[in-house]
Amino acid sequence: MKISKFNIALVGLGLVAPLVLYPVFLMKVLCFALFASAFNLLLGFVGLLSFGHAVFLGTGGYITGYLMMNTGITPELGILAGTAAAAILGAVYGKLAVKREGIYFAMVTLALAQLMFFVYLQAPFTGGEDGLQGVPRGELFGFIDLSDNMNMYYFVFAIFLAGFWLINRTVHSPFGQVLKAIRENEARATSLGYNVNDYKWVAFVISAALAGMAGSTKTLVFQLASLTDVHWHMSGEVVLMTLLGGMGTIFGPFVGAATIVSIQNFLSGGELGNYIHIIMGIIFIVCVLAFRSGIVGEIQKVIKRNFS
């Protein structure tokens, strides 16, 4: 896969961004951008709408938080454990869900996610409604202090780049071409000899693992794992991020996540903070009605129309 000058420029911007903007805000954007990108792999490139993807975000966060608080492992191992736990849960849920199509797939994922929500609510290791508070960030590789926000930012940025690279590589691989074929015409993909359920299951597991990685990273950033991360509201929020940025595009989820997080951050301290869910709903309606391709999708259309 060729590395374009555009990609190099984006990496350069990411390296200097904490010198201009608040690192914790940037880390939040990167965590949700990775979550949205993982979700977009499933929705945008396979055509599977999951209404319960927050369960993988929360699972990664809970596992990482619990291990960091009780075992003293290093943060990179904590994140790997959270990612693995989300992948295992995704493998189980995927086997149950990918046999269904359309709204039935969406409802199965929502039902399974709600099941885990109540498990985490009652489970002793999650802290219930209080969650896991004061999760230590630890020391990366045993000697890099992540309590320093700048060190933590570059760690989060590296994780985001790794996850983003994996998604990009998957989409542009022969495996990714089959996923797109399934999205466009599943019956034709089946007639060509592909076992579409196996392809969808693998994509589901990859998406769940990366969502868990985002949740694990988010827990270290904010030193908190809570029920908010497994609630169905979070699943709806990632749908909004993906649609707003541009479903089925590589950079769309990042733009959508950055936009939503920025709006939430701007409104939370003002008088409109009590109406933030209403505002998010209005944005969702406008996005669906006015520009269904999302921000990045519409920009790509304009470029193609005027410069191709």
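Taken together, the values in this text are just the output of simple stated rules run on the coordinates, not laboratory data. Small disclaimer: the values here were computed from a predicted structure and weren't measured. Here Cβ is always computed from backbone atoms with ideal geometry, including for glycine, and neighbour counts include all displayed protein chains.
Taking the Cβ of K200 as the center, what net charge do the other residues with Cβ under 13 Å away carry, scoring Lys and Arg +1 and Asp and Glu -1? Please report the intermediate quantities before stating the final value.
On the way: positive: K95, K99, R100, K180, R183; negative: E101, E186, D198.
Counting the neighbours of K200, the net charge comes to +2.
Multiply the residue gap between H233 and V11 by 0.36 nm, knock off their C-alpha separation, and tell me the result in nm, one decimal place. Don't skip to the end; give the middle numbers.
Details: separation 222, 0.36 × 222 = 79.92 nm, distance 3.11 nm.
Gain on extension, H233 to V11, equals 76.8 nm.
Set the Förster distance to 25 Å, then compute FRET efficiency between L161 and L80 from the Cβ-Cβ distance, nearest 0.05.
On the way: r = 16 Å, r/R0 = 0.65.
Here the calculated transfer efficiency is 0.95.
Using the Cβ atoms and a cut-off under 15 Å, what net charge is assigned to the surroundings of F105, where Lys and Arg are +1 and Asp and Glu are -1?
Details: positive: K95, K99, R100, R183, K200; negative: E101, E186.
Charge balance near F105 sits at +3.
Can you give me the Cα centroid spacing of the stretch 186-238 and the stretch 33-71 in angstrom?
Taking the Cα centre of each part, the stretch 186-238 and the stretch 33-71 sit 5 Å apart.
Within 10 Å, count the other beta carbons around each residue, average over each peptide in 108-121, 185-198, 77-90, 131-144, and list them highest first. It would help to have the intermediate numbers written out before the result.
Details: 108-121: 17.4, 185-198: 12.7, 77-90: 23.0, 131-144: 15.3.
Descending packing order for the listed peptides: 77-90, 108-121, 131-144, 185-198.
For a Förster distance of 22 Å, can you work out the FRET efficiency between the beta-carbons of I88 and R188, rounded to the nearest 0.05? Don't jump to the answer; show the numbers that get you there.
On the way: r = 32 Å, r/R0 = 1.47.
Rounded to the nearest 0.05, the efficiency is 0.10.
Could you tell me the calculated FRET efficiency between F175 and N274, based on Cβ-Cβ distance and R0 = 35 angstrom, to the nearest 0.05? Write out the running numbers ahead of the final one.
Details: r = 46 Å, r/R0 = 1.31.
According to the calculation, E is roughly 0.15.
Check every DSSP H run in the chain and write down those whose alpha carbon atoms cover 30 angstrom or more along the long axis and whose mean Kyte-Doolittle hydropathy is 0.0 or greater.
Numbers: long enough: 23-46 (34 Å, 2.04); 75-97 (32 Å, 1.23); 102-122 (31 Å, 1.67); 149-171 (32 Å, 1.04); 196-222 (39 Å, 0.91).
Within the chain the helices that satisfy the rule are 23-46, 75-97, 102-122, 149-171, 196-222.
Taking the Cα centre of the stretch 140-197 as origin, sum charge times position over the Cβ atoms of Lys and Arg (+1) and Asp and Glu (-1), and report the length of that vector in debye to the nearest 20. The partial results should precede the final answer.
Working: 4 positive and 4 negative charges, 75 e Å.
Taking the Cα centre of the stretch 140-197 as origin, the dipole is about 360 debye.
Given the DSSP H assignment, sum -39500 (n - 2.57) over each helix run of at least 4 residues in the chain and divide by its residue total; what's the result at 222 nm in deg cm²/dmol, nearest 500?
The per-residue figure over the chain is -24500 deg cm²/dmol.
Against the empirical 2.2 N^0.38 Å scaling, what ratio does the C-alpha Rg of the stretch 101-176 come to?
Values: Rg = 18.6 Å, N = 76, 2.2 N^0.38 = 11.4 Å.
So the stretch 101-176 has a normalised radius of gyration of 1.63.
Report Rg(Cα)/(2.2 N^0.38 Å) for the stretch 10-230, keeping two decimals. Before the final figure, lay out each step's value.
Working: Rg = 17.8 Å, N = 221, 2.2 N^0.38 = 17.1 Å.
Normalised by 2.2 N^0.38 Å, the Cα Rg of the stretch 10-230 equals 1.04.
Suppose every Lys and Arg Cβ carries +1 and every Asp and Glu Cβ carries -1, with no other charges. What dipole size does the chain come out with about its Cα centre, to the nearest 20 debye? Write out the running numbers ahead of the final one.
Numbers: 17 positive and 14 negative charges, 242 e Å.
Here the chain has a charge dipole of around 1160 debye.
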